[in-house]
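Trainee: Structure below; questions to follow.
The values are calculated or read from the model by the stated rules, or taken from the named source; none is laboratory data. Fair warning: this is a prediction, and the values are worked out from it, not measured in the lab. Please note: Cβ atoms are built from the backbone with ideal geometry, for glycine as well, and neighbour counts cover all protein chains shown. Heads up: the accessible areas ignore ligands, DNA and RNA and are worked out on the full protein's heavy atoms, side chains in. Shrake-Rupley method; radii C 1.70, N 1.55, O 1.52, S 1.80 Å.
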Amino acid sequence: MNVYCGIDWAERHHDIALVDTSGTLLAKQRITDDAAGYRVLLELLAEHGDTPDDPIPVAIETSHGLLVAALRTGKRRIYAVNPLSAARYRDRHGVSRKKSDPGDALVLANILRTDMHAHRPLPADSDLARAITVLARAQQDAVWHRQQLVNQVRSLLKTFYPAALDAFQGKQHGLARPEARAVLAAAPTPARAAKLSVTQLQAALRRAGRVRGIDTEARRLREIFRGDYARHPQPVEDAMGHQLAALIKQLDAACRAADELAQAAEESFRKHPDADILLSFPGLGVQLSARVLGEIGDDRDRFTDARALKAYAGSAPITRASGRKKFVGRRFIKNDRLITAGFLWAFAALTSSPGADAHYRRRRKAGDWHAQAQRHLFNRLLGQLYHCLHNRQLFDEHHAFTSFSAAPAAAA
């Protein structure tokens, strides 16, 4: 007798429902969200035939957390059902729109009983791949948070401290540079910046880690800070200086967090057996490769073919046809983190791969706008990555872009 388990996840407790192939409710129970509750769940599954060789499949509305970690043992298949999808299934069992936690658990169990083939289980990624996923996503979030703080600092400087924008905005990394943060921490107002001597500016640059061109940079900064700019009244300027100092402290912490997470992600990624294959692709550095690997995982059975991977990434177009109407456009339901990494990958590949650059230019001549051509290039690179990972081979420019390689030969 096949048994299916549905779990309605909540913050403090979880509702469990077990059904058989006929839809009969075999057991229902509420457990606490702690180790004791997880043990009760495993005992309940064991009472209804759960074994290491033939575990009971589980449907739940989340793909992470300690409860999922406790269930991800052995060969057990866990299906993370989207809450919107579960809500549609709920309407099949009644039109009154009633809702309860035990009822939702029963709905999830019945989803597996009737439509397990239409849902994908969580991938069987290695522990190292899952660790890379955690670190790569955390580093990406830290970078986004850092940029948000940089935008806030820039917006504030524009309102009362334009000299700082003139001093640092045109340089690489702009206001996120250690030198910019060190100088703004020492002089958070235009009045204090104008009083800084060359020696004080040199000291701030050294604290930021600069070792070359310190004298020239210090004199340049002093000239800018002593320039002619409009000013607020002194009390207002001092108040804005306090606000800037607080933002600079937050920006310092965000920059350190992003750097530390980047280092941890790189160290974990280099230990993975797929690292050399990913790094052989043009446009993929260590951090970007870690993001790509973190999103696609290392379970080779996760995607049936390259088309499934492209659809998951959102690089492949989607067709909507009804009667005489047919529309081909981009996907809106996709892995947003992977498609973001894909645009960066495609853009970087233009300068490191002649074949990628020729492919992009050919799409542009065909009428694609920039984002379309980039997405098309990412779609092709993703298919090549799928092939290389499954065949355990490194990227080869001449095999990847045969049409580009054949053109010079035909011309000769």
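Trainee: How much of the accessible area of the chain, in percent, comes from carbon and sulfur atoms when a 1.4 Å probe is used?
Mentor: In the chain, the share of accessible area belonging to carbon and sulfur is 52 percent.
Trainee: Related question: Distance from the Cα centre of segment 182-245 to that of segment 323-381, in angstrom?
Mentor: Using only Cα atoms to place each centre, the spacing works out to 44 Å.
Trainee: Related question: Which residue, Ala366, Ala308, Leu279, has the largest displacement toward the positive end of the dipole of segment 274-401 when charges sit on each Cβ (Lys, Arg +1; Asp, Glu -1)?
Mentor: Ala366
Trainee: Taking R0 as 30 Å, what's the FRET efficiency between Ala358 and Ala118 from their Cβ-Cβ distance, rounded to 0.05?
Mentor: According to the calculation, E is roughly 0.15.
Trainee: Ok, one more. Which entries of Lys75/Lys310; Lys28/Lys99; Lys28/Lys98; Lys310/Lys334 have Cα-Cα distances beyond 21 Å here?
Mentor: Long pairs (Cα-Cα over 21 Å): Lys75/Lys310.
Trainee: So, one more: Label 7 Å along Cα→Cβ of Asp305; segment 370-389 residues with amide nitrogen under 18 Å?
Mentor: Under cut-off, by backbone N: 379-389.
Trainee: Just how large is the dipole of the chain about the Cα centre, in debye to the nearest 20, putting +1 at every Lys and Arg Cβ and -1 at every Asp and Glu Cβ?
Mentor: Result for the chain is approximately 1860 debye, rounded to the nearest 20.
Trainee: Karplus couplings for segment 146-155 from phi (6.51 cos²θ - 1.76 cosθ + 1.60, θ = phi - 60°), rounded to Hz, Gly and Pro as x?
Mentor: 4, 5, 4, 5, 4, 5, 5, 5, 4, 4
Trainee: Work out the FRET efficiency for Arg88 and Phe347 from their Cβ-Cβ distance, taking R0 = 35 Å, and round it to the nearest 0.05.
Mentor: In this case the efficiency is close to 0.40.
Trainee: Convex hull over the alpha-carbon atoms of segment 274-401: what's its volume per residue in Å³?
Mentor: Convex hull volume per residue, Cα atoms: 115 Å³.
Trainee: To the nearest 10 degrees, how steeply does helix 286-296 sit against the main Cα axis of the chain, on a 0 to 90 scale?
Mentor: 20
Trainee: Binning at 20 Å from 0, report for the chain what percent of all alpha-carbon pair distances ends up in each bin.
Mentor: So the P(r) values, bin by bin, are 21, 39, 32, 8, 0.
Trainee: Looking only at segment 73-102, which residues have a backbone nitrogen under 16 Å from a spot 7 Å from the Cα of Asn2 in the C-beta direction?
Mentor: Once the point is set 7 Å along Cα→Cβ of Asn2, 76-79 turn out to lie under 16 Å by backbone N, inside segment 73-102.
Trainee: With r defined as the distance between the Cβ atoms of Glu43 and His13 and R0 fixed at 22 Å, what FRET efficiency is calculated, to the nearest 0.05?
Mentor: 0.85
Trainee: At each listed q (0.08 Å⁻¹), what is the log10 of I(q)/I(0) that the Debye formula gives for segment 131-268 modelled as equal alpha-carbon point scatterers?
Mentor: -0.23
Trainee: Under 14 Å from the Cβ of Arg154, count the other residues' Cβ atoms, weight Lys and Arg +1, Asp and Glu -1, and hand me the total.
Mentor: That works out to +4.
Trainee: Straight-line reach from Lys271: which aspartates and glutamates have Cα under 14 Å away, leaving out those fewer than 8 places along the same chain?
Mentor: Asp127, Asp298
Trainee: At 1.4 Å probe size, with every protein chain present, just tell me what the per residue accessible area of the chain comes to in Å².
Mentor: Result: 54 Å² of accessible area for each residue.
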